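The values are calculated or read from the model by the stated rules, or taken from the named source; none is laboratory data. Model, not experiment: these values are computed from the prediction. Every residue, glycine as well, gets a Cβ built from its backbone with ideal geometry; the counts of neighbours run over all protein chains shown. Quick note on the areas: whole protein, heavy atoms, side chains included, nothing else; ligands and nucleic acids left out. Shrake-Rupley method; radii C 1.70, N 1.55, O 1.52, S 1.80 Å.
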Amino acid sequence: MKNCIGIDISKRTFDVHLLTGSSDHHFDYTPENIRKTAELFLTAKPELIVTEATGGYEIPLAEELYAAGLPAAAVNPARIRNFAKAGQTAKTDKGGGCPHHCPRVWPMELPVRKAHDDISSEIRILVVRKRRLTDMRTAEKNRTEHIRLH
């Protein structure tokens, strides 16, 4: 896979690495830059775009890529780190483990997603949020079992 793009996403910025030409780009995470990036990727015609699944920060960019019909996959960063631990080489940067060199970091096929309609996206976000709140509630219940007032 030669035409691959890796994206590191944080709350306020995202970094793009185009494997073809080995070029790096840094963007502020704004709706305008998300649209411009999707347009750039349409002209680059990548075989795969890999983003880190970073606690929901990846959703606006990923949804734009899916809507543009681009082959994008959001990957759990822990899975990328596991490949690195297994002897694969993974570029690490200030973001912590981006799939910049995705053919080497991710040698297997990734599930490429299609665009969701607005309702499906909203439901998916709410389901994830409900799961996280349920987990937090369970954790707090477990903690209160061990509280001593004396």
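Here are some notes:
- Accessible area in square angstrom per residue, the stretch 1-67, 1.4 angstrom probe: 49
- A Förster distance of 35 Å, applied to the separation of the beta-carbon atoms of Asp28 and Arg124, puts the FRET efficiency at 0.85.
- For Val75, nonlocal amide neighbours, meaning residues 5 or more places apart or on other chains whose placed amide H falls under 5 Å from its own, are Thr51, Glu52, Ala53.
- Per-residue Karplus couplings for the stretch 122-130, computed as 6.51 cos²θ - 1.76 cosθ + 1.60 with θ equal to phi - 60°, are listed in order as 5, 4, 4, 5, 5, 5, 4, 5, 4 Hz, Gly and Pro entered as x.
- Spin-label proximity, Lys85 to the stretch 19-59 - amide N less than 18 Å from point 7 Å beyond Cα toward beta carbon: 53
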